[in-house]
Amino acid sequence: MGDILVVGSINMDIINKVERHPSVGETISALETETGPGGKGANQAVAASRMGSQVTLAGAVGTDSYGEELLALLNGENVNTERIIVKEGLTGLAFITVNGAGHNHIIVSPGANGKLSEADLLPLMPELNQAKALIVQNEIPWAVSVYIIKEARARNVKVLANPAPVEHFPVTILPSIDLLIVNQHETEALTGLQAKDRAQAVQAAQRLLDLGGNAVVLTLGEQGVIYLDRNGEYFREALQVNAVDTTAAGDTFIGALASSIVKGKTTQEAVDWACAAAAICVTRKGAIPSIPYWEEVRALIEEANAIERGQSVK
């Protein structure tokens with residue numbers, strides 16, 4: 001059945017590479033344009049699968065050629081697609097603009113993702129009964145996410161949630177989430193507090209705990225990651241790499257984090273592995289094509305550990 005169940009979005013990405021992002025009202029030319037598979041649900045499912053976990057993805061695609069292409073790709077990634085429903089109409093689309101520094105702006109058109117319903121998830125209960133972890137995001141109707149979160153909690157399945165996009169994410173759901181994964185923008189939207197550095201991040205993460213959260217992972221981009229629960233704090237500095245495209249870095253982090261957790265790694269080890277996976281991801285273009293495999297992450301972890309010990313790396 002699978003160790004990890006992902007319920008979320010499946011998109012085709014349309015990616016424009018630009019020298020810089022346009023100002024309001026400005027028209028600029030793209031340096032190049034390409035399409036590729038993506039969507040937070042699909043990205044996180046593939047990331048967990050490439051890290052060696054058995055993964056089931058539940059979601060929806062359209063009746064267009066993009067839907068067929070995405071299903072074929074996910075099957076090729078050893079992701080169980082039996083719970084992906086084909087909805088009449090268009091597959092979800094993500095319009096991504098990546099500047100010369102590798103930073104992106106993303107607009108999502110929900111397509112079939114927006115048509116997913118609670119009834120669509122009823123056949124999913126056998127997979128949920130067998131799962132060790134559930135991953136949800138916020139690119140499908142929120143009522144559907146709430147439904148599957150509650151079903152997971154009733155079965156003592158660990159719930160990891162990423163409130164992206166952060167609009168319409170109620171903090172009242174926090175007690176039902178075992179591990180909330182947020183970036184700086186999402187944190188500020190939920191708490192009203194900035195998280196521009198480690199000290200601010202700890203304060204903001206604590207605020208999320210005060211609002212009912214059980215544990216928080218707050219990603220700080222190039223600075224690193226903060227983990228905070230009621231027992232303490234862990235900070236991991238980011239690995240220094242040459243970033244070319246941050247698309248799917250957060251999703252890669254989440255998939256690798258979930259995979260590490262269900263494999264029995266400690267929280268610190270899971271965060272370390274997730275950071276390494278995201279570091280590799282940003283050195284490559286695209287969403288799913290940029291996601292690393294377990295062997296690559298292990299090699300980077302070993303290299304980083306050797307450097308910290310002052311050993312030479314062959």
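The values are calculated or read from the model by the stated rules, or taken from the named source; none is laboratory data. Fair warning: this is a prediction, and the values are worked out from it, not measured in the lab. Here the Cβ is made from the backbone with ideal geometry for all residues, glycine too, and neighbour counts use every protein chain on show. Calculation scope for accessible area: heavy atoms of the full protein, side chains included, ligands and nucleic acids excluded. Shrake-Rupley method; radii C 1.70, N 1.55, O 1.52, S 1.80 Å.
Here are the numbers:
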| read-out | value |
| --- | --- |
| Lysine pairs in region 128-283 with Cα atoms under 17 Å, if 8 or more residues apart or on separate chains | 7 |
| Linear extension gain, Thr266 paired with Ala101, 0.36 nm per residue minus alpha-carbon span | 56.1 nm |
| Label-point gap, in nm, between Lys196 and Gln130 - each point 7 angstrom along Cα→Cβ | 5.0 nm |
| Residue with peak Gaussian network fluctuation, the chain [Cα springs, cutoff 10 Å], from Pro292, Pro175, Pro110 | Pro175 |
| Whole-number percent relative contact order across region 180-241, with pairs defined as alpha carbons under 8 Å at least 6 apart | 28 percent |
| Spin-label zone in region 150-168 - amide nitrogen under 11 Å from a point set 7 Å from the Cα of Leu209 along the C-beta vector | none |
| Region 35-114 - convex hull of the alpha-carbon atoms, volume per residue in Å³ | 91 Å³ |
| Prolate/oblate/rounded label for region 96-216 (Cα gyration tensor, a/c 1.5) | oblate |
| Straight-distance crosslink candidates among lysines, where the alpha carbon sits under 26 Å from Lys17 and sequence neighbours closer than 8 are dropped | Lys40, Lys285 |
| Region 182-244 and region 1-61: distance between their alpha carbon centers, rounded to Å | 23 Å |
| Within straight-line cross-link reach of Lys115, aspartates and glutamates at Cα separation under 12 Å, skipping those fewer than 8 residues along the same chain | Glu88, Glu139 |
| Probe 1.4 Å, all protein chains present, accessible-area order of Glu139, Glu32, Glu237, largest first | Glu237, Glu32, Glu139 |
| Projected label distance in nm at Ala306 and Ser29, using a 7 Å step from Cα toward the beta-carbon | 4.6 nm |
| Thr35 - accessible surface, heavy atoms, 1.4 Å probe, Å² rounded to 10 | 80 Å² |
| Top of Leu190, Leu122, Leu239 by mean-square fluctuation, Gaussian network on the chain, Cα under 10 Å | Leu122 |
| Of all DSSP beta bridges in the chain, antiparallel share, percent nearest 5 | 45 percent |
| Counted charge near Ala45, where neighbours are those whose Cβ lies closer than 14 Å (Asp, Glu -1; Lys, Arg +1) | -3 |
| Extension reserve of the Val244-Val86 stretch, reckoned as 0.36 nm per residue once the Cα distance is removed | 53.5 nm |
| Which labelled figure in [x] 56, 50, 42; [y] 61, 53, 38; [z] 86, 43, 33 is Cα extents along the principal axes in Å, once derived from the coordinates | [x] |
| Gyration tensor (alpha-carbon) shape descriptor, region 221-279, a/c threshold 1.5 | oblate |
| Relative intensity, log₁₀ I(q)/I(0), of region 240-314 from a Debye sum that treats every alpha carbon as a point, q = 0.22 Å⁻¹ | -0.95 |
| Nonlocal amide H pairs with Asn138, under 5 Å, H built at 1.01 Å | Ala164 |
| Kirkwood hydrodynamic radius of region 167-255, Cα pairs, Å | 13.3 Å |
